[in-house]
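Derivation of every value follows stated rules applied to the coordinates shown; laboratory data play no part. These numbers come from a predicted model, not from an experiment. Methodologically, a virtual Cβ is constructed for each residue, glycine included, from the backbone with ideal geometry; neighbour enumeration extends over all protein chains shown.
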Amino acid sequence: MKGIKKYIFFTLTLLSSVQVALAQVTISGTVVTDKGEAVEGADVFLQNTAYLTYTDNKGRYKLTNVPYGTYALAVFYMGKATATREIILDEGKMTLLVDFELQDFSTELDNVVIKSEREATTGIRRLQSVEGAAIYEGKKNEVIELNDITANLAVNNSRQVYAKVPGLNIWESDGAGLQLGIGARGLDPSRTANFNVRQNGYDISADALGYPESYYTPSTEALDRIEVVRGAASLQYGTQFGGLLNFVLKEGPEDKKAQVTTRNTVGSYGFLSTFNSVGGTVGAWNYYTFFQYKQGDGWRENSQFDSKMAYASVKYSPSHKLSVKFEYTFMDYLAQQPGGLNDYFFADDPRQSIRGRNWFQVNWNLMANIIDYKINDRLKFNLRNFALLGGRDALGNLGRIDRIDDLEMPRDLFSDDFNNFGSEGRLIYNYTIGRQHAVALVGARYYNGFTDRKQGNADATSEPHFDFRNPDDLEGSDFNLPSENISIFAENIFDITEKFSVTPGARFERIYTGAKGYYKDAILVKDPNTGLAVDSTFNVSESKGRERAFIFFGVGLSYKLKNKELYANFSQNYKSINFNDIRVTNPNLVVDENIKDEFGYNFDLGLRGNKAGKFNYDVSVFYLRYNDRISAIQKKDEVNVRLYRFRGNISDAFSTGIEAFGEADLLDMFGLNNNSQLNLFVNVSAIHAEYLSSNDPAMDKVIAGKKVELVPPLSARTGLSYINKNFKITYQYSYVQEHFTDATNATLDPSAVSGIIPTYYVMDLSASYRYKFAKLEASVNNLTDNHYFTRRASGYPGPGIIPADGRTFYLTLELKL
C-alpha cells in the first residue's frame, strides 16, 4: 500500500508539473442578479468535466489551468434560472472574461421546467461525463427525476417509476411498495440483488457480498432522483452484473430556513399513508428530515401491513471547499404474507390466500458520514463512511402450496441479523496531456459484514410471534457468516480529440466469505427394535472460509456530435456465492455443495441524443456473458417420487438484445407549442437469452439450448403525458411477453414454483394539479383490472404464484409551506 500511495502521489505531482508548464487558460468573471447584486456561493462549472468553483462574496469566480477546447460554462444558484454559455478556448488565449446575470423564476421552483442546452424535459436524463466524484463517460445510464414524473409515489409503484428505463424485468409482488424487485437482461429481480444498491452513494443492502438483497427501499416521496448505471458500474461501485442503482434523497432548500411538506394519501383496501418533511438552510448548515407511515389491508386476503420510515440529515459547509454530512435512516415494517397459489387456485380466484400464518418483519438502521473536499480547481476528494444495524424475520409454512397447512404444526422461523460497516474514498483529478483534457479517478474501499442467521421452529399460532420454541437447540441451523472486502479502483478519461474519448478502468478485489455454525440433517436408519427405517436427526458442524483476489478491466468509448453521442462500453463482472447458497433448509430447494462464484462480462453499443424540450432517445445493443451461472432447475427425486428445485452452477449462458427508449413533445414537433406539452414516450426491449454448454454431461442434455429464465423476449412500455401549467395527466401502458421461471423451461409444476409467466399487459392513469402551495394527485393503477402475475417464488413470500394487484385507486393531497 505504501508503494501504491507513493506512485499515485508521484503521478499526480508529475501531471501537475506538466500542466503548469503548458500554456492553459484562466476563466474568470462575476455573477450578479438582474438588479446588479453580487451572487455569493453560486456553482460555476464546465459541463462534462470536473472543473468546478464558487463565487465569493463579491460574486467573483476563477477557473484556472483549463485546456484548450470548446466547453459549456454553466452557473447554478438555488432560486435562480440556470445560465449556460458556450466558450471556445484556442491557442494564444491566456485568459477569458465571462460575466453572468442570473434571472429570477417567474413562478415557484416546483412549477418551472428548466430546459438546458443538454437535456429535454422528460423526467429522465443522462449522467454527464463527470458528476460529483464519479466518471460516467461512455456508460449506459439513466437518471429518473422524480419531480418531473406523474406517478403513484405513495406506494413506490415501480412499474410507473421505472417506466422509461429499458430492459428491466419488474416484479410486482408487493402492492404496498415495501420492497423493490427489478432485474435486467436475465438477472433475478428478487429484492434487486443483482444491482449494487446504494443511497446517496453508500450501500444499503443486507450484505454487499454474502447477501446483497435490499429489504429496505427509500420512500419515493423523499427522493430527488434515481441513478441507474448498467454493468459498466462494476469498475467504480462493485462487481455486480446488473450495475448500479443509486437513490439520491432530497436536501433542504438553500434559499429557505424552513420548508414544511406534508403529503397524505388514501387508497383502496384500507390504504393510508402520511409523509411529512421539513428542511432548510441556516447559515452554513443544511438539514432535511422526513417521517412516513403507511398501512393497509392489501388487495389479497391476509395481506395487511404496517410500515414506518424516518430519515434525518445535516450538512455543514464552513466554506465552498468543504462539506461534512451526517445521515441516519430508520425503517420498520410488519407485513402478513398471503403466500403463493398454484395455477388452479390463481385461475379460480387470484385474491384468495391459503396461508394465513405467514408473516414478515424488517428493522433497518443505516448510518452514514459523507465528506467532500475540493483541494483545488482540479482535485477533489470524497469519503463515505457507512454502517448498517438491521434484521429481518420470516415466519410461516414454507411447505408446498399444493399441501394443506396443518394448523397444529409449528411454523418455520428464519431470522437474520446484519451488522455491517464500510468506508470508500475517492480522488478525482483534472489534468491535460498535451492540448487534450483528461480526468483521473482513483479510489479504495473497505467493507466488513457480519450476519447471524438462525432457522428453527416457532409456535403454531397465526399471530406474528417471532420467537423460537427451542432457542438453545434449533431444529434447522445456526450460523455466523462473516465477510470482508478490500478494493482499489481507477478510471481515466482520455480526450483523444474534442469529440472522441477513451475511458479505461481497472478494479482490484480481495474478498473473504466464511461460515461457522451447525445445521441439522436427517437420514433413514433401521430401528433395532422394529427393524423398520425411521428418520434420524443429527447435528452437522461446519467451519469454512474462502478467500479470493482478482483484477477486473473495462473500457468505454464516446464520440460526441451535436445533440447526439455514440458510445460503447465493455466491463468484466463477478458475483460471489451468497449465504443462501451456503446453507439453508428449504423443503422446495436443494443446494449443490460444490457451488462456486460466477464470472462474466457486459458489452454495450449505443446511440443517444436529445434536444432541449423536443426529443430524447437512447438506442443500444448489448451482450451479457454469464459463466458458471447459478440457477435453480427442476429435478425428480426417484426415492421419494417427487419434484424439487436444485440450485447450483448449471451452465454458461448469454443474453443479447436491443434496448430502445425515445420521447418527443408532439405539440412542439408540429409547431403547436402554446405553453403546453404533449410528451409521448416508447420504451422497448427485445432480448434473446440462451444456455450454452455445461461441465456436467447429464446437465448439458437438460439445459443446453434452453432459454434463460426470467427474460421476457419482448417488453414494451409506452405513455402519453399532457402538461399545461399546473395540470399534468399521464397514461401508461405496459406489455410483457410470456417467459420461463426455471432453466429447464418447465411449463407446469404442481407446486407452482416452476412454470411460465404468461403474457400480460397493464394500464395506469395518473394526474396532478397544483394551486399555489397545495397539490392534488389521483391515480388508478391497473385501469382494466387485469389478473396477472410476474413471479413464481420458491420461498418467501410464496411458494408458488404471487399475484399482482388488481385495480386500485389513490388520492393524495400535498401542502408545501
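Take the Kirkwood radius over Cα pairs of region 237-346, plug it into Stokes-Einstein at 20 °C and 1.002 mPa s, and you get 124 µm²/s for translational diffusion. Calculated mean residue ellipticity, 222 nm, the chain: -1500 deg cm²/dmol, from DSSP H runs (n ≥ 4) at -39500 (n - 2.57) each, averaged per residue and rounded to 500. A P(r) calculated from all alpha carbon pairs of region 338-461, with 5 Å bins opening at zero, reads 2, 9, 12, 11, 10, 9, 8, 8, 7, 7, 6, 5, 4, 2, 1, 0 percent.
Kirkwood radius, region 595-733, all distinct C-alpha pairs, inverse of mean reciprocal distance: 18.5 Å. The alpha carbon radius of gyration of region 393-487, expressed as a multiple of 2.2 N^0.38 Å, is 1.94.
Sorted ascending by nearby beta carbons within 10 Å, beginning with the fewest, Ile401, Ile658 become Ile658, Ile401. Ordering Gly657, Ser415, Ala74 by Cα displacement along the dipole of the chain toward the positive end leaves Ala74 in first place; charges were set at the Cβ atoms of Lys, Arg (+1) and Asp, Glu (-1). Annotation: amide H of Glu172 within the under-5 Å range of Thr790, sequence separation 5 or more or interchain, hydrogens built in the peptide plane.
As a quick test, which of the pairs Lys140/Lys614; Lys164/Lys614; Lys520/Lys701 have an alpha carbon distance above 23 angstrom in this structure? Listed pairs above 23 Å: Lys520/Lys701. Ranking Tyr512, Ser541, Pro471 by Cα position along the charge dipole of the chain, where only Lys, Arg, Asp and Glu carry charges on their C-beta atoms, puts Tyr512 farthest toward the positive end. With the convex hull drawn over the C-alpha atoms of region 681-727, the volume per residue is 82 Å³.
In region 24-106, the alpha-carbon atoms span a convex hull of 83 Å³ per residue.
The H on the amide N of Glu475, modeled in the peptide plane, is under 5 Å from the matching H of Asn457, each at least 5 residues off or on a different chain.
A crude spin-label estimate for the pair Arg548 and Lys562, with each label 7 Å from Cα along the Cβ direction, gives 5.1 nm. Over the Cα atoms of region 677-817, the radius of gyration divided by the Kirkwood radius equals 1.14; this is the Rg/Rh ratio. Going by neighbour counts of Cβ atoms within 10 Å, the residues Thr808, Thr656 line up, fewest first, as Thr656, Thr808. Of all lysines in the structure, the ones whose alpha carbon falls short of 18 Å from that of Lys93, not counting any fewer than 8 places away in one chain, are Lys62. For the chain, the longest principal axis of the Cα atoms and the long axis of helix 2-21 meet at an angle of about 30 degrees. Remark: Asp297, Asp372 ranked as Asp297, Asp372, counting other beta-carbon atoms within 10 Å and listing the fewest first. Calculated translational diffusion coefficient of the chain (10 °C, 1.306 mPa s; Stokes-Einstein with Kirkwood radius over alpha-carbon pairs) equals 56 µm²/s.
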